[in-house]
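Structure record follows, encoded as structure tokens.
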Amino acid sequence: MYSTKDIHVIEDLRNAGSIAHVIVDGKEMCLKAGGSKGEDAGQRELNCLWEITKSPHTAAIRVPKLLGLITTPENGNTIGFLVEYIPVSETWELSTLGSIDDVSAVDECRRKKWASQVRDTVGLLHKIGVTWGDGKASKVLIHRETDDAWLIDFGGGWTEGWVDEELSGTVKGDEAAVRKIIEYLQIS
């Protein structure tokens, strides 16, 4: 458990602080806070991350690991959680697969590596009974130092053109997302 008073925000990453790069006890982390509007998505993500954390495959699953819950000092209410911070390109041109302007300009070996990592990670998720939910290129971070693909956002949902609504949150939906990502990366 971490108190909000012990969290120092470095950078707001999205939605007025709902996702932020933070420092806690001298360690970089990613904060995900939720309101009542995103309560179901936040709970789904927390449940998925917990299943990943307790899995024997946790080290091999390229997903930011759950580090703890965030509470308020006033009443101890849980308002979010902390996960590993995955450093991405400082200029954001290669922060996610979805941010790549010209995929064909990226070396094919790198694209194949990312496709394989996404496929393998989703396979391990399914092995432990977890689905990604709303898989797409913009939800794959590229680690700045290792050039590895990391899957993010287990809140569920669906995105037109990536996963059909009726397949959202299913193994078949994840498989469709992986196929679309491989197609997006122009890997045959």
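Every number here is computed from the coordinates shown, using simple stated rules; none is lab data. In this text the structure is predicted, and so the values were computed from the model without any measurement. Don't worry about glycine lacking a Cβ; one is built from the backbone with ideal geometry, like all the others, and counts go over all protein chains shown.
Some points to look at:
- Least to most buried among 21, 57 (fewest other Cβ within 10 Å first): 57, 21
- Distance distribution note for the stretch 97-184: the fraction of Cα pairs above 15 angstrom is 55%.
- Dividing the Cα radius of gyration of the chain by 2.2 N^0.38 Å, with N the residue count, gives 1.02.
- Efficiency of FRET from Cβ geometry, residue 54 and residue 107, R₀ 35 Å, rounded to 0.05: 0.45
- If R0 is taken as 30 Å, the Cβ-Cβ distance between residue 43 and residue 21 corresponds to a FRET efficiency of 0.85.
- With 20 Å as the limit on Cα-Cα distance, the pairs of 54/112; 32/180; 113/136; 5/139; 32/65 that go past it are 54/112; 32/180; 5/139.
- Ranking of 158, 132, 50 by neighbouring Cβ atoms within 10 Å, starting from the fewest: 50, 158, 132.
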